[in-house]
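Colleague: Got a structure here, written out as structure tokens. Questions coming.
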Amino acid sequence: MTSRIAVIGGDGIGPEVTAVAVDIMKSAGADIETVDFDLGGSRYLRDGTVLPDEILTELRGFDAILLGAVGTPGVPPGLIERGLLLKARFELDLYINLRPFTLPDGHEFMVVRENTEGAYAGEGGFLRKGTPQEVATQGSVNTRHGVERCIRFAFDLARSRPARHLTLVHKTNVLNFSGDLWSRAFDEVSADYPDVETGYNHVDAACIHFVQDPHRYDVIVTDNLFGDILTDLGGAVAGGIGRAASANLNPDRTAPSLFEPVHGSAPDIAGQGLANPVAAVLSAAMMLEFLGQDEPARRIEEACATVPDEGGTAAIAAAITAGVEGTR
Ligand code: NAD
Ligand code: IPM
Ligand code: MN
């Protein structure tokens with residue numbers, strides 16, 4: 001059955017890499033129909049639109065959303081990020097951010113990042129803003145429901161993989177409230193998964209292991225902000241940020257899931273044909289897999305595994321296209 005995909009190219013290199021991803025899905029034989037949505041910083045600067053509820057309602061009618069990246073110089077930081085991307089994550093209840101990494105030697109590990117709570121919930125505010133007595137607070141929201149559903153997803157994922165290993169990453173030695181909730185929920189849920197081996201790392205130590213010994217990891221589960229930071233590091237150790245894909249999932253399928261590269265809009269290289277499209281292309285493959293189009297997804301993953309990262313967007317896109325067409 002044809003999958004209807006909403007494509008939000010967004011800002012900077014976003015539209016450059018989503019255009020490649022759409023072409024490659026078609027070359028790989030995916031059965032898709034796409035509709036482009038002009039959203040992001042440039043749209044905002046033109047007419048003030050970020051993500052109004054009517055457009056969100058329209059997006060709900062699609063099978064999935066493919067997003068490039070949002071955020072652009074000239075627009076206050078966070079305005080588009082929060083108003084578009086986080087709004088979509090929260091409103092569509094995309095509570096899992098799944099970010100897989102493949103090391104140059106083939107070892108694969110995955111970060112399951114909680115995607116709707118933590119420091120991203122926007123709890124906080126100012127007092128006496130702009131005065132010498134200014135106060136700014138930024139809370140972290142952790143609900144038992146939100147934490148537990150994320151941990152259960154991670155256990156299910158770990159159980160489905162050969163290594164059956166799950167590591168909780170947090171900062172329980174300092175974050176005595178949220179860390180305590182996370183580790184109690186983790187321990188309690190683990191009782192339902194006796195076949196999954198578990199471990200724990202503080203997030204600072206996890207940074208060392210990501211660089212020096214990432215092979216120790218199979219599946220990692222962590223909170224929203226730690227997951228954000230760790231997955232840029234994951235990208236950097238696993239072949240570069242230009243290869244890091246991600247899926248914002250609503251596992252209950254009550255709304256469309258959203259797929260996007262881990263990287264941002266890269267204003268420093270936008271418009272120059274330099275962006276590596278692999279991250280967007282692999283995100284599209286995750287999308288096809290989630291939609292049950294396993295064959296084209298597998299073709300794309302295989303082609304991306306061997307494609308060189310040099311030569312710029314067009315050359316890399318041509319190499320992936322040759323790869324997927326070679327296996328059809
Ligand atoms: P960034 O990920 O855009 O760029 C960081 C560095 O990585 C830059 O040097 C960039 O050139 C390089 N890079 C990123 N993607 C690349 C690719 N595909 N190929 C080659 N090089 C690549 O992070 P930033 O500079 O901190 O953020 C820029 C903007 O993007 C900000 O507005 C930020 O909020 C936003 N952002 C959006 C998303 C998203 O929409 N999902 C994610 C991260 C950042
Ligand atoms: C990411 C990005 C986003 C995040 C920003 C743009 C809101 O950095 O997807 O990793 O922090 O989640
Ligand atoms: Mn990030």
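The values are calculated or read from the model by the stated rules, or taken from the named source; none is laboratory data. All figures in this text were calculated on a predicted structure; none of them were measured in a lab. Note: ideal-geometry Cβ built from the backbone for every residue, glycine included; neighbour counts use all protein chains shown. Quick note on the areas: whole protein, heavy atoms, side chains included, nothing else; ligands and nucleic acids left out. Shrake-Rupley method; radii C 1.70, N 1.55, O 1.52, S 1.80 Å.
Colleague: So, of the residues in segment 217-235 that are in contact (Cβ under 8 Å) with a residue 40 or more places away in the chain and within 17 Å of His107 (Cβ to Cβ), which turns out to be farthest from ligand 3 (Cβ to nearest atom)?
Modeller: Per the criteria, the residue is Asp218.
Colleague: Restricting segment 115-155 to residues that are among the aliphatic types (A, V, I, L, M) and either outside the structural domain of Gly179 (by TED's automatic domain parsing) or within 18 Å of the chain's Cα centre (by Cα) (or both), which is surrounded by the most Cβ atoms within 10 Å (Cβ to Cβ)?
Modeller: For segment 115-155, the residue satisfying everything is Ala154.
Colleague: Same structure, new question: Hand me the list of helices (runs of 4 or more DSSP H) wholly inside segment 271-328 holding 2 or more residues that are touching a residue at least 24 places away in the same chain (Cβ under 8 Å), farther than 21 Å from Gly106 by Cα and open to solvent by less than 30 Å² (accessible area, probe 1.4 Å).
Modeller: 278-290, 313-326
Colleague: Looking for whichever is among the basic types (Lys, Arg) and more than 15 Å from the chain's Cα centre (by Cα) here; the options are Arg243, Arg253. Which one fits?
Modeller: Matching residue, one of Arg243, Arg253: Arg253.
Colleague: Is it the case that segment 252-270 has a residue that's of a type in the set (D, E, K, R), assigned to a strand (DSSP E or B), within 23 Å of Ile13 (Cβ to Cβ) and within 16 Å of ligand 3 (Cβ to nearest atom)?
Modeller: yes
Colleague: Can you pull out the residues in segment 207-216 that are more than 16 Å from ligand 3 (Cβ to nearest atom) and either surrounded by 12 or more Cβ atoms within 10 Å (Cβ to Cβ) or touching a residue at least 12 places away in the same chain (Cβ under 8 Å) (or both)?
Modeller: Within segment 207-216, His209, Val211, Pro214, His215, Arg216 qualify.
Colleague: Quick check on segment 46-73: of everything there that is modelled with pLDDT under 95 and touching a Gly at 6+ places or on another chain (Cβ under 6 Å), which residue is farthest from Ser246 (Cα to Cα)?
Modeller: The residue in question is Thr72.
Colleague: When you go through Ser246, Ser190 one by one, which is the residue that is open to solvent by 10 Å² or more (accessible area, probe 1.4 Å) and hydroxyl-bearing (Ser, Thr, Tyr)?
Modeller: Ser190
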